Amino acid sequence: MVFLALMLAGCLPGDVTTRDYSTFQTYQFQQTPGLGFCADKDLVFSAKITRKADGTMAFDHSLLVLAGPDPEQCEDGVAAQEGCLKAKPQPSRTLSNQEADQVHATFADVDFYKRPDPICRQLAIDPCVIERHSWDTNELSDFVCGSDRLGEDQRADIRELLSSLRDGG
C-alpha cells in the first residue's frame, strides 16, 4: 500500500523535482516569444555561462536596447510601446570566484515541475514571453502549461542571479 501511494505521488502534476545542475559545461538563457512577444528590456535578454578548461566561468549576455522609434518598423527586433528593441551583445567577461560561487549555489538545487500546471486543463494560457534555460542538454522553461517547467521561486532566483552578473556582481 505504501509503495502504491509513493508511485501515485510521483505522478501527480504538483510534484517538484530537484536536480543539481551546478556541474554544467554550458548554461544558456533566452527570452523567447509566446503568441506575441513582450520581452522585458530591464532583464538580461540572453545569457551564456561557459566553464573554461581552467575551471573559471565566462559570462556572455545581451540586453534589449532601443533601435528605432517605430515599433511597426521592427523586423528583426521586439516591437514595444517605446519603439523597436534589438538585442545588443555585451562584452564577455570572466566571473570572479564569488560570482562563480553564486552560480554554483543557484544551480545546485533547481526545482521544477515535470508536468503542466493543472489550471491548463481548464484555461488556455498563452504568455507573451517564455524564459528558456538549458544546462548542457537539460532544458527547462517557465511556461506554466509546459512540462519540465520552473516554478516562480526558482525563476526569480535565476533572474536575480543573471541581473547580479549583468551588473558585475
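The values are calculated or read from the model by the stated rules, or taken from the named source; none is laboratory data. Source: prediction; values computed, not measured. Note that we place each Cβ from the backbone using ideal geometry, even for glycine, and neighbour counts take in every protein chain shown. Note: areas computed on protein heavy atoms with side chains; ligands, DNA, RNA excluded. Shrake-Rupley method; radii C 1.70, N 1.55, O 1.52, S 1.80 Å.
If you check 99, 75, which single one turns out to be modelled with pLDDT under 95, of a type in the set (Asp, Glu) and at negative phi? Give the steps one after another, and end with the answer.
Values: 99 fails: modelled with pLDDT under 95.
That would be 75, the only listed residue that is modelled with pLDDT under 95, of a type in the set (Asp, Glu) and at negative phi.
Mind checking which pairs have a first residue in segment 110-126 that is acidic (Asp, Glu) and a second that is open to solvent by 90 Å² or more (accessible area, probe 1.4 Å) and assigned to a helix (DSSP H, G or I), Cβ under 9 Å, 6 or more apart or different chains?
What qualifies is 111/153.
Taking segment 16-35 as the region of interest, how many residues are touching a residue at least 24 places away in the same chain (Cβ under 8 Å) and surrounded by fewer than 18 Cβ atoms within 10 Å (Cβ to Cβ)?
Of all residues in segment 16-35, those touching a residue at least 24 places away in the same chain (Cβ under 8 Å) come to 16-22, 24-35.
If we keep only those that are surrounded by fewer than 18 Cβ atoms within 10 Å (Cβ to Cβ) too, we end up with 16-20, 22, 25-26, 28, 32-35.
Adding up the residues that qualify gives 13.
Mind listing whichever residues of segment 143-169 are of a type in the set (Asp, Glu) and open to solvent by 60 Å² or more (accessible area, probe 1.4 Å)?
152, 153, 157, 160, 167
Which of the residues that make up segment 46-70 are surrounded by fewer than 16 Cβ atoms within 10 Å (Cβ to Cβ), over 16 Å from residue 96 (Cβ atoms) and within 18 Å of the chain's Cα centre (by Cα)?
none
With the structure loaded, tell me whether residue 140 is farther than 18 Å from residue 30 by Cα, crowded, with 17+ Cβ neighbours inside 10 Å, among the aliphatic types (A, V, I, L, M) and out of contact with any Cys (no Cβ under 8 Å at 6 or more places or on another chain) or whether it fails that test.
In short, no.
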